[in-house]
Amino acid sequence: MNYPEYQNDLNKLLESEILGEAVFLSAAKHAKSPQQKQKWLALAALEMQTLERFQIFLTQNNLKATSRLHMKTQGKITGFALAKMPWKMAMYLLKDGTQPFMQAFQRLCQHADRDSQMFFEYVLNHEKSLYEFADKELKKQKTTSLDKVKYLLD
């Protein structure tokens, strides 16, 4: 699998998981309610699982990905801010924040070979589940907002 943006997309995937994990763990730490804390922790668990799977994928395929050093710090600060703002605003920002990553993950799926197709479909579905979570929270479908996230978790 090789296309012009391939390495950049792999790097974006790594950064997405590092950033997401830090955002969601920080938001959980500073959450306004136990319910919000549990939701942030579920999202963090999905990011951790995806990062672990990505690291295995890289090793198995003799690939490398790099991340800018500030991603974890940026995630912690962003998570703190999300936890302190109104929930509705945080969900709008979360929904919006999936878009740049979604584009890269869609490219990875489009260019995937047979050996990597299932993995990149999982990656894309994991990002879609974050979007769906925020969308359902905004639509006040709070009891089902984590369904897709929970489905993807081992």
Taking all protein chains in place and a 1.4 Å probe, what share, in percent, of the accessible surface of the chain do carbon and sulfur account for? 53 percent
For region 98-104, what does the Karplus curve 6.51 cos²θ - 1.76 cosθ + 1.60, with θ = phi - 60°, yield as ³J(HN,Hα) per residue in whole Hz, taken in order and with x for Gly and Pro? 7, 4, x, 6, 4, 4, 5
Direction-averaged shadow area of the convex hull around the Cα atoms of region 37-154, nm²? 7.8 nm²
Links exceeding 31 Å between C-alpha atoms in this model, out of K32/K64; K64/K136; K64/K95; K64/K142, come to K32/K64; K64/K136; K64/K142
HN-Hα J in Hz across region 59-68 - Karplus 6.51, -1.76, 1.60, θ = phi - 60°, x for Gly and Pro: 4, 4, 9, 6, 10, 10, 9, 10, 10, 5
Determine ³J(HN,Hα), in whole Hz, for all residues of region 138-148 in sequence, where each value follows from phi through the Karplus function 6.51 cos²θ - 1.76 cosθ + 1.60 and θ = phi - 60°; x replaces Gly and Pro. 5, 8, 6, 9, 5, 6, 10, 4, 9, 4, 5
How high is the FRET efficiency from R114 to K37, r the C-beta distance, R0 35 Å, rounded to 0.05? 0.30
Extending each Cα 7 Å along its Cβ direction at Q7 and S67, get the distance between those two points in nm, one decimal. 2.0 nm
So how far apart, in nm, are the two label points at M102 and L153 if each is 7 Å from Cα heading toward Cβ? 2.3 nm
For every helix of n ≥ 4 consecutive DSSP H residues, a contribution of -39,500 (n - 2.57) applies; sum these over the chain, divide by its total residues, and give [θ] at 222 nm rounded to the nearest 500 deg cm²/dmol. -26000 deg cm²/dmol
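Please go through region 27-119 and write out the trypsin sites (Lys or Arg not before Pro) that DSSP classes as loop and that have at most 16 other C-beta atoms within 10 Å.
Working: sites: K29, K32, K37, K39, R53, K64, R68, K72, K76, K84, K88, K95, R107, R114; in loops: K32, K64, R68.
Loop-located and lightly packed - K32, K64, R68.
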With the contact rule set at Cα under 8 Å and sequence spacing of 6 or more, what percent relative contact order holds for the chain? 29 percent
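Could you provide, to the nearest whole Å², the per residue accessible area of the chain with probe 1.4 Å?
56 Å²
The values are calculated or read from the model by the stated rules, or taken from the named source; none is laboratory data. These numbers come from a predicted model, not from an experiment. Because the Cβ atoms are built from the backbone with ideal geometry, glycine has one as well, and the counts that use them run over all protein chains shown. Ligands, DNA and RNA are stripped out before the accessible areas are found, and what is left, the full protein with its side chains, is counted by its heavy atoms. Shrake-Rupley method; radii C 1.70, N 1.55, O 1.52, S 1.80 Å.
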